[in-house]
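S.K.: Next up is a structure, given as structure tokens.
FYI, it's all coordinate maths here, none of it is from the lab. Quick caveat, the model's predicted, so the values are computed rather than measured. As a convention, Cβ positions derive from the backbone with ideal geometry for all residues, glycine included, and neighbour counts pool all protein chains shown.
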Amino acid sequence: MMHLLVTGGAGFIGSNFTHHAILRSGHDVTVLDALTYAGNRESLAGLSEDRLRFVQGDITDTALVDELVRQADAVVHFAAESHNDNSLADPRPFLEANVVGTFVLLEAVRRHDVRFHHVSTDEVYGDLELDGHVRFTEETAYNPSSPYSATKAGSDMLVRAWIRSFGVQATISNCSNNYGPFQHVEKFIPRQITNVLCGIRPKLYGAGTNVRDWIHAEDHSAAVLTVLEKGRIGETYLIGADGERDNKSVVELILTLMGQAADAYDHVLDRPGHDLRYAIDATKLRTELGWEPRFADFEDGLAATIDWYRDHRDWWYPAKAATEAFYAKQGQ
Ligand code: NAD
Ligand code: DAU
């Protein structure tokens, strides 16, 4: 059992991981989260205060981070500005949170010799050809496209430099697109589900041929715990569950599962610089550490996610109007 400092633990994946770490693996957790527009304290509801301490604060706050890292056995770093469309509208917060925030954490784990796991994204590798069979591996060269993915790539490079130059005890994981309960309504799948629930037609960027490699957040959390507990220091592990689908098929599936006509959606302006395809080869994680995804059936996972949004309007509804106002301004 460890005492984990989980940054970004009130966000989509960080809150899922916190439940996982406490309830399945028996760790105690301190969450450090700034509660930006993307953080929600309710996502941690139900966890006992004996096992979970919540600290509202910023990962760029050197004194606060130093104190919390000093008390931890390991840090699992999820906190980030995470949405590509926001990074295109206003990149600066991405530099602060993703680059400076990671730097502040690295300096603290260096000072206190604390184990560090950095949660990153497959987007650092750029994109793949639409029709190809090539997938990302740990050896793929970095080639980020958006301000978001460039800042995540920058944060990965900082972690690698701190491992090599200062001997920091760190691992990195790069995961593909997550879905599941508690995801902010700005993201693709929850946006379309909540659109249907609000009587708005789903919105598909461009032709909708772009491909994403979907994984359930539960499987991501289990993989991060596996890397934290069994991963080799200094190594990078890709996380993915062989879930490639094009966006158009996903919208059509959502509509069908929600009892609507499969073509009841609108095409809207494409995202500038829109990455074509992501695909993960997770062989290293599977063979070296024995991790396997449990949510193998995307359609079942999506149906359960739709049920969750139908049953948890109180959680997502307050963010819906502002999110749609932002998209309307972008023509999306
Ligand atoms: P999210 O936007 O849902 O949550 C981010 C959390 O970080 C929020 O609770 C927010 O309040 C907090 N935060 C932001 N800036 C902060 C700061 N300066 N100090 C403290 N807290 C701050 O994001 P998510 O989708 O849960 O992603 C979590 C991590 O996983 C990110 O690092 C992201 O790059 C990575 N990731 C996400 C996906 C995905 O599909 N969502 C896939 C791969 C990797
Ligand atoms: O690959 C991992 C990344 O996945 C994470 O690092 C990011 O934090 C996470 O946000 C996600 O990035 P994407 O840009 O792939 O996710 P998003 O949900 O924004 O969009 C998924 C796809 O759907 C993408 O091709 C754009 C498209 N899209 C998105 C929205 C919001 C639409 O067609 N319509 C929409 O309304």
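S.K.: Mind checking which of Pro318, Pro202, Pro181 has the largest fluctuation in a GNM of the chain, springs on alpha carbons under 10 Å?
M.R.: Its mean-square fluctuation being the largest, the pick is Pro318.
S.K.: Can you find, among Trp291, Ala328, Thr305, the residue farthest towards the positive end of the dipole of the stretch 290-332? Put +1 on the C-beta of Lys and Arg, -1 on that of Asp and Glu.
M.R.: Positive-end residue among those listed: Ala328.
S.K.: Right, something else. Compute the relative contact order of the chain as a whole-number percentage, counting only Cα pairs closer than 8 Å that sit 6 or more residues apart in sequence.
M.R.: 17 percent
S.K.: Here is a follow-up. Just Ile163, Ile280, Ile172 to compare: in a GNM of the chain, with alpha carbon springs under 10 Å, which one fluctuates most?
M.R.: Sorting by GNM fluctuation, first place goes to Ile163.
S.K.: To the nearest 10 degrees, how steeply does helix 298-311 sit against the main Cα axis of the chain, on a 0 to 90 scale?
M.R.: Computed tilt is about 90 degrees.
S.K.: Could I ask something else about it? Tell me the angle of helix 313-330 to the major Cα principal axis of the chain, expressed in degrees between 0 and 90 and rounded to the nearest ten.
M.R.: That works out to roughly 70 degrees.
S.K.: Relative to the present Cα-Cα distance, how much length would full extension add between Tyr37 and Thr209 at 0.36 nm per residue of separation?
M.R.: Contour length minus the Cα-Cα distance gives 59.0 nm.
S.K.: In what order do Met1, Met258 fall by count of nearby beta-carbon atoms within 10 Å, going from fewest to most?
M.R.: The most exposed by this proxy come first: Met1, Met258.
S.K.: Zone of Arg160 (label point 7 Å along Cα→Cβ, backbone N under 16 Å): which residues in the stretch 101-144?
M.R.: What the label zone holds, given the 16 Å backbone N cut-off, is 118-127, 136-144.
S.K.: Run the numbers for Val55 and Ala296: contour at 0.36 nm per residue of separation, minus the present Cα-Cα distance, in nm.
M.R.: Contour length minus Cα-Cα distance gives 83.3 nm.
S.K.: Subtracting the Cα-Cα distance from 0.36 nm times the residue separation, let me have the gained length for Ala264 to Gln330 in nm, one decimal.
M.R.: Separation in residues times 0.36 nm, less the Cα-Cα distance, equals 21.6 nm.
S.K.: Treat every Asp and Glu Cβ in the chain as -1 and every Lys and Arg Cβ as +1, leave all other atoms uncharged, and give the resulting dipole magnitude about the Cα centre to the nearest 20 debye.
M.R.: 380 debye
S.K.: Amide H of Leu5: which non-local residues (sequence gap of 5 or more, or other chain) have their own amide H closer than 5 Å, using H built in the peptide plane?
M.R.: So Leu5 has HN proximity to Thr30, Asp73, Ala74, Val75, Val76.
S.K.: Across the chain, how many lysine pairs, 8 or more apart or on two chains, come within less than 18 Å at their alpha-carbon atoms?
M.R.: Taking the chain as the scope, the lysine pair count is 10.
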